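First the structure, in the form of structure tokens, and then the observations on it.
The values are calculated or read from the model by the stated rules, or taken from the named source; none is laboratory data. From a predicted model like this one, the values you see are computed outputs, not experimental measurements. Note that each Cβ is placed from the backbone with ideal geometry, even for glycine, and that neighbours are counted across all protein chains shown.
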Amino acid sequence: MIGNLRPGGLDRYLEAVDTSLLDLPWRERRQIRRDLREHLDETGIDPSGVDPAEYAREIRASRDPGAYEGRPSGVRQLWPTLTEWLLNGISGIALILSFYISWHTIHAIATPSGGVGLVDAYRSALQADLPAPAVMGQNTLGLVVYPAGWLLGQAAASRALRNASPKRRAWTVGVAALLALGLLFHVVARLLA
Amino acid sequence: MRGALELAVLEVLSQETTYGFELLAKLRSSGFADVADPSVYGVLRRLETSGKLTSELIPSPNGAARRYYRLTDNGRAALARATVEWDALVRTMAGIRIDRTRD
């Protein structure tokens with residue numbers, strides 16, 4: 001036991017530090033957790049009186065300026081925390097949908113009797129599986145909504161989560177996860193119908 | 001104050017190889033009474049990342065293994081530069097204070 005920390009308290013504290021560093025690569029974060037645990041074990045300091053964000057801020061400031069910084073998702077991360085499970089789940093769903101739409105698009109182009117162009121095939125795939133909303137009365141403009149929305153969502157989530165409190169981060173991820181799951185169920189229900 | 005803390009850490013490590021807790025205690029007893037552990041930890045990480053010090057984990061008979069920090073040649077050069085800059089700053093500040101006293 002370190003200082004006044006109860007058993008398991010250090011793990012929760014390290015997780016709180018980690019959630020402030022979600023935008024860093026998971027390998028680096030794993031090393032950071034290991035280093036900080038070792039440091040706290042060695043010094044015997046009770047960190048419970050120190051805001052975890054303070055360690056996170058100092059650790060961030062100590063990084064090599066050229067080190068990678070990126071969005072909190074994708075294959076670079078594994079899922080050591082619940083938040084990351086959810087984030088990666090959302091990314092995974094988006095990836096599955098992308099593959100699914102791509103498959104339909106390629107299928108439409110490759111069909112001998114089809115003879116449709118790429119845009120028409122893509123539109124057809126979207127309209128069949130995920131009806132693209134009409135923008136200014138044109139469905140074609142709506143075709144950009146899904147990929148653009150996904151990219152903007154990734155960028156916005158990354159920015160919002162970077163400096164957010166753990167509570168706000170949990171809410172953001174929770175709502176996003178529910179929306180993504182709702183979308184997935186919608187697609188699956190259409191496929192099974 | 002971050003620059004001052006970095007200089008202080010370099011100075012302590014130029015005198016002896018030491019580990020985190022001892023370094024923190026030394027800084028606090030030397031006048032950095034309110035220095036927090038995250039700040040010192042951050043400085044140590046930054047200095048190590050920039051190659052100004054190296055560290056080695058050595059088992060301790062009294063409990064958890066201790067990470068000992070040692071200044072590199074790069075660190076000694078940085079300390080020499082920072083000391084010159086610090087002395088210049090102190091002289092500048094002293095000059096300003098004398099001017100203010102005269103006014």
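The table for this structure:
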quantity: Test: residue in region B:14-24 that is among the acidic types (Asp, Glu) and either modelled with pLDDT under 90 or within 21 Å of A:Arg63 (Cα to Cα) (or both); calculated: no
quantity: Test set (1) within 11 Å of another protein chain (Cβ to nearest Cβ); (2) over 26 Å from B:Ile58 (Cβ atoms); (3) under 23 Å from the mean Cα position of the chain (by Cα) - A:Glu54 fails condition number; calculated: (3)
quantity: Failed item, numbered, when A:Ser98 is tested on (1) buried (at least 20 other Cβ atoms within 10 Å of the Cβ); (2) at pLDDT below 80; (3) out of contact with any Ser or Thr (no Cβ under 8 Å at 6 or more places or on another chain); calculated: (1)
quantity: In region A:9-49, the residues that are aliphatic (A, V, I, L, M) and in a helix (DSSP H, G or I); calculated: A:Leu10, A:Leu14, A:Ala16, A:Val17, A:Ile32, A:Leu36, A:Leu40
quantity: Search result, residues across region A:23-51 that are within 7 Å of another protein chain (Cβ to nearest Cβ) and among the polar types (S, T, N, Q); calculated: A:Thr43
quantity: Residue among B:Leu47, B:Leu89, B:Leu57, B:Leu79 that is touching a Lys or Arg at 6+ places or on another chain (Cβ under 7 Å), of a type outside the set (Ser, Thr, Tyr) and surrounded by 12 or more Cβ atoms within 10 Å (Cβ to Cβ); calculated: B:Leu57
